[in-house]
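A.B. asks: Handing you this structure, nothing more for now.
The values are calculated or read from the model by the stated rules, or taken from the named source; none is laboratory data. Bear in mind that the values here come from a model prediction, so they are computed numbers and not experimental data. Neighbour counts are summed over all protein chains in view; Cβ atoms, including those assigned to glycine, are modelled from backbone coordinates with ideal geometry. Side chains included, ligands, DNA and RNA excluded: accessible areas come from the protein's heavy atoms. Shrake-Rupley method; radii C 1.70, N 1.55, O 1.52, S 1.80 Å.
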Amino acid sequence: MSGGFTAARIAALLWAVSAPLAAQSKDVSKAAATITAKDVARRINVIADDSMRGRDTPSPGLDMTAQYIASQFKSFGLRPGGDSGGYLQRYPLVRRQLLAERSFVELTEVSGQGSIVLPYTTSVRQWLGETNGTPVTAGLLLVGGRPDPSKFPADSLLKGKFLVWVVDTADIPKFGNAMVIKGMTAGVAGIIAISNRDATELAKDAAQASRVRVSRGGAEPPAGGVPLVVEVTQAAVVAQLPQALDMFNPMNASPEMIVVPMPDWEATVMAADTVLGNATAPNVVGILEGTDPVLKHEYIVFSAHMDHIGISAGKPDSINNGADDDGSGTVGVLELAEAFSKKKAATKRSLIFLTVSGEEKGLWGSAYFASHPPVALANVVADLNMDMIGRNWPDTIAVIGREYSSLGPTLDSVTTDHKSLNMTPIGDPWPEERIFFRSDHYNFARAGVPILFFTSGLHPDYHEPSDSPDKIGYEKEARLLQLIFWTGQAVGNAAAKPTWNPGALEQVQQAR
Ligand SMILES: [Zn+2]
């Protein structure tokens, strides 16, 4: 008696076929479960410890952080993806010092009627931006009052211009960020804030201009860089051009934004400096080889920035710990690297675990990685980037860029399959912040790599010493990282690589 496909025999056959799969998915579930609140807490407390001194780029604290991450990558068994067989990839920087006595801001009436020259020694405070010692001359657009995105002219009209911002000093902290973001995304030549600050107070700040600054070395393409931002006083302008007062007064009084084209005027900013020497800063790169002989030549990058803004001298607690920004994302990369390195948890595609630096200075590390990748960028099929994922909502995560590629629907189906994680991805809730352009995934997207950017958004401790580990939702972050782990599993094992939606890449590349 044999040959009959009895129910028992069918069951036995099915079991034989499905057993390896079940065992494998059990292994993968076990790997996911290594991402715990306790681990997240332990590692954030290392990275955001006072001993890391705020992880400025470059700094000994940043190097210590990079060493810690490299040692973790090594313990997971990742292959080094950095320089000369190590985990660190170092990029060149230049230390510069401003020469205030040779630097100035000049406003010129093009028809030759005259000009106003404001020297850095007494009348200019340089807030932001890189300079290279050559004068920048451009047309200008006068803007008054609080910046309002809906009232700005099109980016194409702002591009290459100086925004001359007539502003009440009290409004600078409130609206400065919005102004800089607008300037950055529109590609302006710079921002000249003309404030009603007391001239002697500004003169005191002007003295700080001679402090040593760091900028990118080598011939790196500009990407995500912050524009040049200087402040001068209305009093100093009026002293040389009394009729300017008639323009400044209504602008100071207006609660609404006012934009005045000034076709007859142009501005020149000359920030002369001297090069003191060279420096470098690290990225950390670890690679986990894929299990499929063909698909392993494709790569998924998991990224976050490990740098922060260093120390704010003069505050009682002066160390900016950057627990959420971006200790949370950095730990995310570590947790994911650990989980994917567990038995049978590697995917068919290879995975690159990347922590970059210089993000806070203008996406420096990711720009360098994208132009000096350890594998051809054409073989990188996705970047999953994490920046500030430890605060705010316990059960929701903003996923920027999900509408641009097939990664969005993949994330949605993974979310449905893992409802028990209780984590719902939503689209960009803050379009006016233009977050798509403000973290490291942007350097992948502009190079053609589909991205997802996970963030739980800003909070009052953003860029303050109070961004400390005790405020992180460790349990929530662990659940979110498990969702990202399963998304990595889905993308890493799918037959087809992620694709841009029609027109989306062009939209991303033209947006700046
Ligand atoms: Zn950040």
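A.B. asks: What is the antiparallel percent of DSSP beta bridges lying wholly in region 70-216, to the nearest 5?
C.D. replies: So the antiparallel bridges amount to about 50 percent of the total.
A.B. asks: Can you tell me what share of the DSSP beta bridges in region 327-478 is antiparallel? A percent to the nearest 5 is fine.
C.D. replies: For region 327-478, the DSSP antiparallel bridge percentage is about 30.
A.B. asks: Let me know the shape class of region 30-167, please: from the alpha-carbon gyration tensor, a ≥ b ≥ c as square roots of the eigenvalues, rounded when a/c is under 1.5, otherwise prolate if a/b is greater than b/c, or oblate.
C.D. replies: Judged from the Cα gyration tensor, region 30-167 comes out prolate (a/c at least 1.5, a/b above b/c).
A.B. asks: Net charge within 12 Å of G277 by Cβ-Cβ distance, Lys/Arg positive one each and Asp/Glu negative one each, not counting G277 itself?
C.D. replies: Combined, the nearby Lys, Arg, Asp and Glu give +2.
A.B. asks: On to the next question. Given charges of +1 on the Cβ of Lys and Arg and -1 on the Cβ of Asp and Glu, with all other atoms neutral, how large is the dipole of the chain about its Cα centre, in debye to the nearest 20?
C.D. replies: For the chain, the charge dipole is close to 1740 debye.
A.B. asks: Residues with beta-carbon under 11 Å from that of V331, excluding V331: net charge, scoring Lys, Arg +1 and Asp, Glu -1?
C.D. replies: -4
A.B. asks: Now for a different question. Give me the number: length gained by fully extending K315 to A494, i.e. 0.36 nm times residue separation minus the C-alpha to C-alpha distance, one decimal in nm.
C.D. replies: 59.4 nm
A.B. asks: Any idea of the accessible area per residue across region 59-112, 1.4 Å probe, to the nearest Å²?
C.D. replies: 46
A.B. asks: Here's another thing I want to ask about it. Students often forget the sequence filter, so: which lysines lie under 17 Å Cα-Cα from K497 once same-chain residues fewer than 8 apart are removed?
C.D. replies: Cα-Cα hits under 17 Å: K296, K348.
A.B. asks: While we're here: For K419, give me every one of the lysines with a C-alpha distance below 24 angstrom, ignoring sequence neighbours fewer than eight places off in its own chain.
C.D. replies: Once the sequence-local lysines are set aside, what remains near K419 is K26, K30, K38, K342, K344, K476.
A.B. asks: Right, another one. Quick one: grab the alpha carbon gyration tensor of region 86-213, order the square roots of its eigenvalues as a ≥ b ≥ c, and give me rounded if a/c is under 1.5, else prolate or oblate depending on whether a/b is larger than b/c.
C.D. replies: The shape class here is rounded.
A.B. asks: If you put +1 on each Lys and Arg Cβ and -1 on each Asp and Glu Cβ, how big is the dipole of region 400-450 around its Cα centre, in Debye rounded to 20?
C.D. replies: It comes to approximately 100 debye.
A.B. asks: For region 389-451, what does the alpha-carbon gyration tensor say about shape, rounded, prolate or oblate, given a ≥ b ≥ c as the root eigenvalues, a/c under 1.5 as rounded, and a/b over b/c as prolate?
C.D. replies: oblate
A.B. asks: What's the extension gain from A378 to S71 if we count 0.36 nm per residue and subtract their Cα-Cα distance?
C.D. replies: Gain on stretching A378 to S71: 107.7 nm.
A.B. asks: Same structure again: As I understand it, the dipole of region 116-212 uses +1 on the Cβ of Lys and Arg and -1 on the Cβ of Asp and Glu, about the Cα centre. Which of A178, L140, S150 lies farthest toward its positive end?
C.D. replies: Highest projection toward the positive end goes to S150.
A.B. asks: Here is a further query. Pull up the DSSP beta bridges for the chain and report the antiparallel fraction as a percent, rounded to 5.
C.D. replies: 60
A.B. asks: Relative contact order for region 348-504: what is it in percent, counting Cα pairs under 8 Å that are at least 6 residues apart?
C.D. replies: Relative CO of region 348-504 lands at 36 percent.
A.B. asks: What FRET efficiency comes out for the pair S413/R42, r = Cβ-Cβ distance, R0 = 30 Å, nearest 0.05?
C.D. replies: Rounded to the nearest 0.05, the efficiency is 0.40.
A.B. asks: Also, quick follow-up: Pull up the cross-link candidates among the aspartates and glutamates for K343, meaning alpha carbon to alpha carbon under 17 Å and not fewer than 8 places away within one chain.
C.D. replies: By straight Cα distance, K343 reaches D27, E289, D292, E335.
A.B. asks: Taking +1 at the Cβ of each Lys and Arg and -1 at the Cβ of each Asp and Glu, which of H463, N422, L295 sits farthest along the dipole of the chain towards its positive end, judged by Cα position relative to the Cα centre?
C.D. replies: About the Cα centre, the residue reaching furthest to the positive side is L295.
A.B. asks: Just the number, please: carbon plus sulfur as a percent of the accessible area of the chain, 1.4 Å probe, no ligands or DNA/RNA counted.
C.D. replies: Carbon and sulfur: 57 percent of the exposed surface of the chain.
A.B. asks: Of the options I397, P409, V375, report the single residue whose Cα projects farthest towards the positive end of the charge dipole of region 358-434 (beta-carbon charges: Lys, Arg +1; Asp, Glu -1).
C.D. replies: Farthest along the dipole direction, towards plus: V375.
A.B. asks: Where Lys and Arg each count +1 and Asp and Glu each count -1, what net charge lies around Y87 among other residues with Cβ under 10 Å from its Cβ?
C.D. replies: +1
A.B. asks: Under a Cβ-only charge scheme (Lys and Arg +1, Asp and Glu -1), can you give me the dipole magnitude of region 331-484 about the Cα centre, in debye to the nearest 20?
C.D. replies: 720
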